[in-house]
Amino acid sequence: MPGRTHVIRWSRWACGAVAGLLLARLIVRLFAARPDNPAFDALLGLTAPLVAPLAALDALQPRFGAVLELSTLAALGALAIVLIGLARLVRR
């Protein structure tokens with residue numbers, strides 16, 4: 001089915017773009033970027049809904065300064081599993 005492969009290809013692209021945004025968020029938070037910077041504020045605001053369901057993982061993290069967000073790592077892991085599943089669907 002050519003239509004199915006097309007949808008899977010775009011899904012892989014979208015998951016890759018989301019993974020890139022989450023990775024950028026992880027690096028920005030790890031290096032304690034200032035949230036009053038408009039670019040960093042936009043990035044954090046854009047990715048906040050993606051990590052909000054996993055916010056309980058970050059309950060013991062400090063609010064300011066350098067933070068290793070476990071919620072972002074968990075979201076990246078979930079996206080990796082989705083991308084592996086999509087790659088297997090393409091092979092079939």
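Distances between placed amide hydrogens fall under 5 Å for Glu69 paired with no residue 5 or more residues away or on another chain.
The share of Cα pairs per 5 Å bin across the stretch 38-89, counted from zero up to the longest distance, runs 4, 18, 20, 25, 15, 9, 5, 2, 0 percent. Restricting the stretch 1-74 to trypsin sites (Lys or Arg not before Pro) that sit in a DSSP loop and have at most 11 other Cβ atoms within 10 Å of their own Cβ leaves Arg63. Average 1/r across all pairs of distinct alpha carbons in the stretch 2-91, invert it, and you get the Kirkwood radius: 14.2 Å. Computed from backbone phi with θ = phi - 60° and the Karplus coefficients 6.51, -1.76 and 1.60, the 3J(HN,Hα) list for the stretch 84-91 is 5, x, 5, 5, 5, 5, 5, 5 Hz; x is used for glycine and proline. This model, with +1 at the C-beta of Lys and Arg and -1 at the C-beta of Asp and Glu, gives the chain a dipole about its Cα centre of some 600 debye.
Every read-out reported here was derived from the displayed coordinates using simple, explicitly stated rules and does not represent laboratory data. For clarity, every value in this text was computed on a predicted model and none was experimentally measured. Cβ: placed from backbone, ideal geometry, glycine included. Neighbour counts: every protein chain shown.
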